[in-house]
Every structure is written in structure tokens, then in C-alpha cells.
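Colleague: Just dropping this structure here.
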Ligand SMILES: Nc1ncnc2c1ncn2[C@@H]1O[C@H](COP(=O)(O)OP(=O)(O)O)[C@@H](O)[C@H]1O
Ligand SMILES: Nc1ncnc2c1ncn2[C@@H]1O[C@H](COP(=O)(O)OP(=O)(O)O)[C@@H](O)[C@H]1O
Ligand SMILES: [Mg+2]
Ligand SMILES: [Mg+2]
Ligand SMILES: [Mg+2]
Ligand SMILES: [Mg+2]
């Protein structure tokens, strides 16, 4: 295992230390492993709390700041944070207008956030993000994973909270974004969890995994390595067949899994955009880069969000976080 | 070779196509492989042109926009662009106040920019960035490589040009930034040049290269893999012994080589910051992330810039590019 | 009667098994999950052992409340709330007593299982820890009601847990991360069922 | 006398060698550079061949001006300006003629070498293409002035270029990317000297 770390057990704590030093505008609660907006709680504003396992940086800690999250809880690598963290985060951002929990749909995340919500006095609403079309949706299973849409949702809902919209409206908006977002991912290589010390799965030089999540879980199928053009088809097709994206402006997000350089991500974006154009999808906004990663995995994912004027205006609104920043 | 590409020979052209689609605010000259500010040439403003081999993204194309570069020429992977590109870029950004060429000190880059400068009518000044302390400086050699300081220089000098400072002043400022910046890099893994199809060098699981550049050249020495804390020492020590950084505010830049995730880069930043504090260096600003990369190489570099009030104000000034953005 | 001391031994024995099997649990989780089950359980049980070292407890309820809370607060992931709830409900069912008779022990374990079901909504055959724990408790109840000793009943329970764990191999996962793999989850042993079998085996070794 | 056609054959032969040796040149550049010398030279010489296919030239000067400009405009890196300047200066020295006598050929090559020196400032022993080209031209001049045939003189030049190329192995690089390696550049053959030896070998095969 080749990583810039000291000790697999202290990776998260030490990365948070570095993040706190690099971003004095944020406040890091090292004991509880929470990244807070420097000015949290913001009076009268709905507080947005997210969190999850570490290893997806910049998500979520890098999305804390004006116009996006108020706090993010960092779990161990790929392991949901514990309720104590979420309780402290919720209390720390409670400005009197209630708090929204943004939870990716993983059993652990859902259960831990659930327990936290039961433990606080604060009025809490919860949105569970489940946008991964690689996973079949069913009432009798864990359902779909939460992946790329989370980034877009945190930005858009963050802008709405910043405008002073009330909790019920912010929560409805979050659900709307989730309902209209779909993702599909792939991996060229496995990631290596520091504590495990070796790649989560073996992937021969001439194969790749399609329908991968963000935790190094194997994907839905293993196929021969293919050119970017065909990879784009394997990602875009299932997204487009899951929801109609032709009748509204779309936000298109090509995400890197951590070890795929920007050169390749832009190339992928070109392929994805070409397919969307052919399918009659109008891309109104785009985002290209490693925003919801899976440690040192090479690969990418495609997320489409069926937007509307409100969503686009919220997308364009100022945001000032380590990971996403514009207009401020 | 596992990459999100179609054909090794078309990587640069296809990535530029994706970049153009993702950034409608920029103008891409596909024939000449130049990324232009959308509003270039800006009348009365000194034009800033940089460029170099591709494979270092977001540098340079991702640093084009208000407050930074006016144009960037993209060469083949790790290969300096040709004079024709630099000529077209120089003419395209010439707003009547002259043009500054920002050139990293590689024989190829220097010679090609030199030939371009001889071919244009425009008044051209040139700054050659040579900040890599891994390489011994000497009149009788190619001298030091240009690495991390390039990013800081393009930001700072870009802000000065945006303010309307004249060419001579902008060029002096660029030389000042270069004189005050020092870098040192390391690699955990080799990169793979698409056209070569295999890693540039073999690096066993338990070894790393210290004093690496950004083109997959082997470094100055190969040493056993070490914890982040020791790696930080191997990078910071030679930088601090090359120039005094204790008597001025410092901009500290921890850069990722392309495949090292942000989690690890923040952890490294924590180690670097601790060493600087111990050495009596006051970090006034920081930048952490993959900004000057080496394809899919895992590793990092540390750049320190001895700033002053003017440099800090220029650093803080608004910038609006795909790769660096704040205040706009 | 099972004393507080034996219950503490049970927990320590489970912690030791988890530590020993840490890499094996993570390897199972690598195949169909995210490669952290060993680290998660080891981190949690190490915290439990630290709590046992630091403090003594005057009732079964207090002991297991502490154990459950410790797991909830240190593990995270799916196993934190699930094992945490298991022990919390065990403690609540056991109450402020200093020892448990076999029926009370079985009842507390059953309450623990119900806690797992309330949290995670697993059903039989979903390929989760439920598939080891549920048959184990059925075997325990059956043995006890047919008059077996606690020792024999726990041995039967452990055998049933092992069988339940093994039976997860051919299952298609419907809960937890393994469910994302669909058909590809078939043919792999569930990590949570595996750690649960260790828990029941530790009980058979220490509580009888 | 060397005709325009022979000069075109030389260029085509050099292009063929480069294409054939592309991976070998890149492998040499991987060891002490950035793994692109083969791709660079192949891209440039393919463009030269395309120009030769598309167009005919009525003077040596015009031919080599085109070759030099094509290399400058398509190669980039260090080799683009260096080989580009070599051929540009060759063309200027040869002038608007349709054939070259051996002395004029040698003079044009010498002008090319001087162009390389003007661009890159290499010195003998710096471990660059200079270390193959310079001894080759010395051998050519010596052979010609001792009355050897052009064929024999070019064979001597090619032998000297090969020897010069081989002599780069123990050198410590002081120019180009290999210089960044310091001591570690020792023991590796310079890629540019290697492609230059191909150029001289192609001349020996085609111009005699
Ligand atoms: N809904 C559920 N009900 C019961 N058990 C579950 C459920 N989801 C997951 N599990 C159990 O949790 C185990 C995984 O635990 P662990 O790897 O520690 O957590 P995570 O899945 O969050 O990484 C699975 O092997 C399974 O036995
Ligand atoms: N200053 C110089 N003078 C002469 N030749 C040089 C000089 N710098 C580099 N070279 C030659 O160029 C070769 C490398 O060419 P290439 O790999 O195509 O370019 P780059 O170094 O830009 O990647 C070296 O092997 C060397 O022979
Ligand atoms: Mg997990
Ligand atoms: Mg090169
Ligand atoms: Mg797991
Ligand atoms: Mg090279």
C-alpha cells in the first residue's frame, strides 16, 4: 500500500488536522470530527448537516461554508460516522430554524443519522439520497446508493438555506433534487482502504468494473477494458433510460473517483456531452472533477440532474467552500 | 495501461474538446490547441500566455480566465507546444500593452517560446520559472526545473495584469515571484504516458522517488517508503535550506501529482505546516490540491513562496478560472 | 445462573475472537462490501474492553447499556447501530439484576435480536447477521425447553449460528452493501453473520 | 553529386528508422527523461513524409526549409527546435541549388550542427545529440579531405556517430531533462544521440 499517511488508524484525524490548518475560515471539532462553518450556528438559517465515511474528499467536509453545508461529520474511512457526531453537529448548527440531515442511502449512514435525530431536541428533517441507477430499486432491499447527486444537492439546497427558506421548504427541495438526479459509476482500478492495507478487489489490467459505488464495493459487472467513448455509453445509457432528461435543462456532472486525472475527466466529459446532445438532452450547467471520490480508485461517474429555473438559480448562487467556490 | 481515453494519439485534442464544452466562458482554438479567455484580447491589459506539455492539468488551460492567464498552449503530453501555437496565442491576447510569456524552465519549452517570441511583432517579455530545489543550479547545465511556483506566479501576476500594471512591471513582478519561490516533489508511483503505454519507471511497492519533477522523470534518489511525517521532512528541509522563509509571510502550497487523493494531501499539509511552525515560518496563505500534476502519478510536492503585502493582496484578488476561483 | 463476571468474560472472549479474526472479517467484507467489517468490530470491541477495564458494573442492565452505547459511539457503519442495539436491548431486557437464569438469558438475547430487526429490518435469507443470530436463538430456545443444560443449549446455539453463517454463502443479499452487487453477492459468506457466529461461540465457551 | 531525389530518400529513410525505433527511443527517454522522444520524432518525421508526398521541391534550400519548419511546427519539446534548426540551417547553407557536391553537403551538415549549438548550447560531453553529430561531422570532414569517396566518408561518419552515441552512456548529463537526474543519468544512452545516429546512418545508406 503506497499512501501519504503515517498510520492507517490515524488517517482521518490527521487529515482533519491538515484541513483545519489549511482552512482557518472553518472550525474543526477534532474530538467529534466535525467540520463546521466558521460562523455556525447562523441565526435564523436552516442548518445543513451531512456526513459519512471518510475517503470521499472533498465531500463532505470540503463542502462546508456559506452557501452549502453548515457542518459535516467525518466517519472512519468508508464507515458511517456515529450518532454522537451527528448530535454534536446538529446542536452546533442549530440557529433556531431547524436542521436538515443530508444522508446518503447506506444502511449504516441511515441508521446512525436516525439514532442521532432521535437524540436531539432540535427540529430535524432528513433527506436520503439514493440516485445510483446501477442498483435496482426495491422496497425489499437496501435500495439505491447515494452517490453523485449528493454533491449537486448539497450545493443547491445550501443556496436555498442561505436565502432563508424555512425547513419544510428546504427539505422538500432536497427531496425534489434527489428525485430528479441519477448517477452511474465505473472503476478502472480498486481503491485500497488504509486499514485493510491491500486493494479491496483485484482487477486485471484488461478489465474494468461497471456500476461501482464509492466504497470500493465491486460493481454490477466486470467487462473488458473499453475506450472512453464506450465507457461513456455504459454510464449514460442507464441514466437516460431511468428518467426523462430531454424536457428540462440538465446539470451534467462528470466525477473523478480519486486517481483519475483531470485530463481524462475532461475527455470523458466530451464523450458524455456528445452522447447527451445526440439524445436531445440540453446541458445547462456542468461540473467536471473529483468531488465525490473513493480514495485512490481510478474511474469516474456521471450524474445528471433534471433542473428547472429555480434549481439553476440556486446552482449559480454564490458558494464559498474549499471544494466548490464561486461568486464569493 | 488503464486510462479513460480512446486513443493515445488523440488524448490532448479530445480533452480540449471536453474542456471547451464544460467551460463555455472560455474560447478554445482547437486547431492551435489554445485555451483563451472568452474576452481576449482585453484592450490595454498586458496579456499573459503560458503553456507547456499536457498532462499537468489543471495547469495551464485550467488557469485561463479573469485574474490569471489570457491564453494557454497545450502541447502533446509532456512535450512543449510548438512556436506556431505560441505565436497564435500571443497575437490572440495582444491588447496593445504587450504580452508576458510564462515559461517553465525545460529546454524544449524555453527554445520553443524563444522561437515564438522571435516570430511575433508584439512586444513580448518572458519569465522563466525555475524553482525546483531538487535540481542543482548551475550556469553549465539546464538549471532548475519550473514546477509548483508556476501556479502561484500565474495567479499573482495575473492579478497584477488585471489591475492594468504595465508590461515591465508585470514582468519584474513575475521574476520577483520566481526568485522567492522554491519547490520539492516526490513520487509514490510512476505515471504512464499514454503514447508510451507503460509506466515511465518501475517503482517497487516499498520504495519512492524523492526530488521528482512533473514529467515522470526519475527523481534524484530512491529511498524506502516512509510515513508522511518523514516525507514532509524530505521535502521541506531542502526548500528551507535554499532560501530564508522566516522573515516574511509565506504562501504554502501542497500539490498533488494527480493520483493522490485530497485526504492524503490534507494529511501532508498538516505535516508540512507542523514543520514550518517549528522552523519559525509564518504561513499566511495556503493552497492544497492537485494543481500541477503529472498524469496519474501518485505523490506530492511542496512549494513555499516568500510573500509580502503586495504579493498577498494580489493572491487574494478575485480570480475566475476552472482551476482556481475566488472572489468572482 | 449466569453471573455478571461470566457475562464480562463473554464480552472479553468475543473481543478476543474479533481481534483475532479481524483480517478475515475484512477479507469477507472486501468480497461483497467495503473492506471494513474487521476494523469496525475490532475498534468497537477494543473500546468495550477498555470500558470493562475502567469500570465495574453492578447490574446486567448497566453493563450492557454501557456496552451498547460504546459500540454505537465508536463503530459507526451498519454494524455499530446493529450490534449496539443488540446489546442495549439485551441490557434492557435483563434489567437491574446481577445474574441471569437461562430463560432470562435467552429472553435477553431474543430482545437483542428484535432490536436488530427493528433497526435494520433484516428478514431471513437477506444474507445478514440475522441469518446467524436467529437460528442460534431458535436452537437455544428449543434446547432449553427440551430440558438441556445451558452449556448444551449454548453449544447447540453456536452450532446453529455456524450453520446459519455458512448458509449465507449461496444467498443473494437483499440488505446492506452486499445487496448492491445483486447476483454477484452469491457465493460469498456474509461478514456480519460471521462476526455474529463468533459472538455465539464465545457465549458457548464462557457462559456455560 | 547528391541529387534532390537522394536527399528525399535520406529523409524517408530516416523517417522509416525513427518509426521502427520509436519504442526503443521512448524506452531510452523513459530511463533518463520523460518517455516521449520516440513519439516526438515519429510524429515529426511522419509530418515530413506527408509533406514530401504532397509536394515536390526545386531546390535543396526549399526542401530543407520545409523539413525544418515542419519539424518545428509538429514536434515541440527539445527535439523539435533542435532538429528543426538543424534542417533549416542545412537548407540555408545549401541554398537554391538542385544538387550538392560532397563538400557542400559536409558544409550544410556543419551549418546544421552549428544551428543545434546556437539553439541548445550543448557542449561536448553534455550527453546530447551533439555527442553523436559532432564526431560524425569531424569524421566526414577528415575522410573527405583525405580524398575518400562520399560513400566511404559517410560510412566513417555513421561509425563515428554510433561511437559517439555509445559514448553518451557513461556521461553525466548536463543539458536536457537527463541533467535533472544528476549522477543517476550515468549509465544510460542518450535518446537524442541515438536518433541522431539513425540520421547519419540513413545518410550513409542513401546519399552515397
Ligand atoms: N439491514 C441490515 N440488517 C441486518 N444486518 C445488516 C443490515 N445491513 C448490514 N447488515 C450486516 O452488517 C454487516 C456489515 O457491517 P459493516 O461492514 O461493519 O458495516 P458497513 O456495511 O456499513 O460497512 C453485513 O455483513 C450484514 O451482516
Ligand atoms: N540543450 C540541448 N542541446 C542539445 N541537445 C539537447 C539539449 N537538450 C536536450 N537535447 C536532446 O534532446 C533529447 C530529448 O528530446 P525529446 O525527448 O524529444 O525532448 P524533451 O526533452 O523535451 O522531452 C535529448 O536526449 C538530447 O539529446
Ligand atoms: Mg463501511
Ligand atoms: Mg518531452
Ligand atoms: Mg463494511
Ligand atoms: Mg523527452
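Colleague: Being within 15 Å of ligand 2 (Cβ to nearest atom) and either part of a strand (DSSP E or B) or touching a helix residue (DSSP H, G or I) at 6+ places or on another chain (Cβ under 8 Å) (or both) is the filter here; which residues of segment B:75-84 pass it? Write out each step before concluding.
Modeller: Filtering segment B:75-84 down to residues within 15 Å of ligand 2 (Cβ to nearest atom) leaves B:75-83.
Within segment B:75-84, B:75, B:76, B:77, B:79, B:80, B:81, B:82, B:83 qualify.
Colleague: Test residue C:27 against the criterion of being away from ligand 2 (no atom under 16 Å from the Cβ) and within 14 Å of another protein chain (Cβ to nearest Cβ), and give yes or no.
Modeller: On the way: away from ligand 2 (no atom under 16 Å from the Cβ): yes; within 14 Å of another protein chain (Cβ to nearest Cβ): yes.
Yes.
Colleague: Say we look at segment A:195-217 and pick out the residues that are away from chain C (no Cβ under 13 Å) and touching a strand residue (DSSP E or B) at 6+ places or on another chain (Cβ under 7 Å); which of these is surrounded by the most Cβ atoms within 10 Å (Cβ to Cβ)? Steps first, answer last, please.
Modeller: To start, the set of residues in segment A:195-217 that are away from chain C (no Cβ under 13 Å) comprises A:204-208.
Now drop any that are not touching a strand residue (DSSP E or B) at 6+ places or on another chain (Cβ under 7 Å), which leaves A:206-208.
Numbers: A:206: 8, A:207: 14, A:208: 24.
Applying the filter and picking the extreme gives A:208.
Colleague: Scan segment D:172-202 for residues that are free of Cβ contacts under 8 Å to residues at least 24 places away in the same chain and at positive phi and report the count.
Modeller: Here the count works out to 2.
Colleague: Taking the options D:121, D:110, name whichever one is more than 16 Å from ligand 6 (Cβ to nearest atom) and out of contact with any helix residue (DSSP H, G or I) (no Cβ under 9 Å at 6 or more places or on another chain). Don't jump to the end; show me each part of the working.
Modeller: Numbers: D:110 fails: out of contact with any helix residue (DSSP H, G or I) (no Cβ under 9 Å at 6 or more places or on another chain).
Answer to the check: D:121.
Colleague: Have a look at D:24, D:35, D:13, D:50 and point out the one that is within 30 Å of residue B:221 (Cα to Cα) and away from ligand 4 (no atom under 16 Å from the Cβ).
Modeller: On the way: D:35 fails: away from ligand 4 (no atom under 16 Å from the Cβ); D:13 fails: within 30 Å of residue B:221 (Cα to Cα); D:50 fails: within 30 Å of residue B:221 (Cα to Cα).
On inspection, the qualifying residue turns out to be D:24.
Colleague: Does residue A:226 fit the bill of being more than 14 Å from chain C (Cβ to nearest Cβ) and either farther than 18 Å from residue A:272 by Cα or assigned to a loop (DSSP other than H, G, I, E, B) (or both)?
Modeller: Working: more than 14 Å from chain C (Cβ to nearest Cβ): yes; either farther than 18 Å from residue A:272 by Cα or assigned to a loop (DSSP other than H, G, I, E, B) (or both): yes.
Considered against the rule, which asks whether it is more than 14 Å from chain C (Cβ to nearest Cβ) and either farther than 18 Å from residue A:272 by Cα or assigned to a loop (DSSP other than H, G, I, E, B) (or both), residue A:226 comes out as yes.
Colleague: Among the residues of segment C:31-40, is there at least one that is part of a helix (DSSP H, G or I), within 9 Å of chain A (Cβ to nearest Cβ) and under 13 Å from residue C:189 (Cα atoms)?
Modeller: As a first pass, look at segment C:31-40 and keep what is part of a helix (DSSP H, G or I): C:31-32, C:37-40.
Next, from what is left, pick out any that are within 9 Å of chain A (Cβ to nearest Cβ): C:31-32, C:38-40.
Next cut, under 13 Å from residue C:189 (Cα atoms) only: C:31-32.
Yes; the residues of segment C:31-40 include at least one that is part of a helix (DSSP H, G or I), within 9 Å of chain A (Cβ to nearest Cβ) and under 13 Å from residue C:189 (Cα atoms).
Colleague: Let me ask something else about it. Only residues that are at pLDDT 95 or above and more than 23 Å from residue B:82 (Cα to Cα): list them for segment B:120-146, please.
Modeller: B:131, B:132, B:133
Colleague: Among the residues of segment B:109-134, which ones are more than 18 Å from residue B:90 (Cβ to Cβ) and within 12 Å of chain D (Cβ to nearest Cβ)?
Modeller: B:130, B:132, B:133, B:134
Colleague: Based on this model, can you work out whether residue C:76 counts as surrounded by 24 or more Cβ atoms within 10 Å (Cβ to Cβ), in contact with a strand residue (DSSP E or B) (Cβ under 7 Å, 6 or more places away or on another chain) and within 14 Å of chain A (Cβ to nearest Cβ)? Talk me through it step by step, then tell me what you get.
Modeller: Numbers: surrounded by 24 or more Cβ atoms within 10 Å (Cβ to Cβ): yes; in contact with a strand residue (DSSP E or B) (Cβ under 7 Å, 6 or more places away or on another chain): yes; within 14 Å of chain A (Cβ to nearest Cβ): yes.
Yes: the conditions hold for residue C:76.
Colleague: Additional query: Within segment B:62-104, which residues are within 13 Å of chain A (Cβ to nearest Cβ) and either within 16 Å of ligand 3 (Cβ to nearest atom) or out of contact with any strand residue (DSSP E or B) (no Cβ under 7 Å at 6 or more places or on another chain) (or both)?
Modeller: Within segment B:62-104, B:62 is the sole residue that qualifies.
Colleague: So which residues in segment C:110-147 are more than 10 Å from ligand 1 (Cβ to nearest atom), over 17 Å from residue C:92 (Cβ atoms) and in a helix (DSSP H, G or I)?
Modeller: If the condition is that a residue be more than 10 Å from ligand 1 (Cβ to nearest atom), over 17 Å from residue C:92 (Cβ atoms) and in a helix (DSSP H, G or I), then C:134, C:135, C:136, C:138, C:139, C:140, C:141, C:142, C:143, C:144, C:145 are the ones that fit.
Colleague: Now, a different point. From the list D:31, D:39, D:27, D:94, which one is buried (at least 23 other Cβ atoms within 10 Å of the Cβ) and either within 20 Å of residue D:201 (Cα to Cα) or within 16 Å of ligand 6 (Cβ to nearest atom) (or both)?
Modeller: Working: D:31 fails: buried (at least 23 other Cβ atoms within 10 Å of the Cβ); D:27 fails: buried (at least 23 other Cβ atoms within 10 Å of the Cβ); D:94 fails: either within 20 Å of residue D:201 (Cα to Cα) or within 16 Å of ligand 6 (Cβ to nearest atom) (or both).
None of the other options fit; the residue is D:39.
Let's see how each residue does on (1) over 15 Å from residue B:50 (Cα atoms); (2) under 13 Å from the mean Cα position of the chain (by Cα); (3) surrounded by fewer than 24 Cβ atoms within 10 Å (Cβ to Cβ):
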position: B:124; (1), (2), (3): no, no, yes
position: B:134; (1), (2), (3): yes, no, no
position: B:143; (1), (2), (3): yes, no, yes
position: B:162; (1), (2), (3): yes, no, yes
position: B:166; (1), (2), (3): yes, no, yes
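Colleague: Something else about it: Residue C:168: modelled with pLDDT of 95 or more, touching a helix residue (DSSP H, G or I) at 6+ places or on another chain (Cβ under 9 Å), within 16 Å of ligand 3 (Cβ to nearest atom) and under 25 Å from residue C:10 (Cβ atoms), yes or no? Break it down stepwise before answering.
Modeller: Values: modelled with pLDDT of 95 or more: yes; touching a helix residue (DSSP H, G or I) at 6+ places or on another chain (Cβ under 9 Å): yes; within 16 Å of ligand 3 (Cβ to nearest atom): no; under 25 Å from residue C:10 (Cβ atoms): yes.
It is false that residue C:168 is modelled with pLDDT of 95 or more, touching a helix residue (DSSP H, G or I) at 6+ places or on another chain (Cβ under 9 Å), within 16 Å of ligand 3 (Cβ to nearest atom) and under 25 Å from residue C:10 (Cβ atoms).
Colleague: Something else: I'd like the residue in segment C:161-192 that is more than 14 Å from chain A (Cβ to nearest Cβ), in a helix (DSSP H, G or I) and crowded, with 24+ Cβ neighbours inside 10 Å and, out of all such residues, is nearest to ligand 4 (Cβ to nearest atom).
Modeller: Filtering segment C:161-192 down to residues more than 14 Å from chain A (Cβ to nearest Cβ) leaves C:161-170, C:189.
Add one more test, that the residue is in a helix (DSSP H, G or I), and what stays is C:161-167.
With the extra rule that they be crowded, with 24+ Cβ neighbours inside 10 Å, the set shrinks to C:161, C:164-165.
Working: C:161: 62, C:164: 61, C:165: 57 Å.
Here the residue is C:165.
Colleague: Select, from C:47, C:62, C:54, the only residue that is within 14 Å of chain A (Cβ to nearest Cβ) and either over 24 Å from residue C:134 (Cα atoms) or within 16 Å of ligand 6 (Cβ to nearest atom) (or both). Step through it out loud before you land on a result.
Modeller: On the way: C:62 fails: within 14 Å of chain A (Cβ to nearest Cβ); C:54 fails: within 14 Å of chain A (Cβ to nearest Cβ).
It is C:47.
Colleague: Okay, moving on. From (1) farther than 30 Å from residue A:212 by Cα; (2) away from ligand 5 (no atom under 16 Å from the Cβ); (3) modelled with pLDDT of 95 or more, pick out the condition that doesn't hold for residue C:45.
Modeller: (2)
The values are calculated or read from the model by the stated rules, or taken from the named source; none is laboratory data. Everything numeric in this text was worked out from a predicted model, so none of it was measured. With ideal geometry, Cβ positions are generated from the backbone for all residues, glycine too; neighbour counts draw on all protein chains shown.
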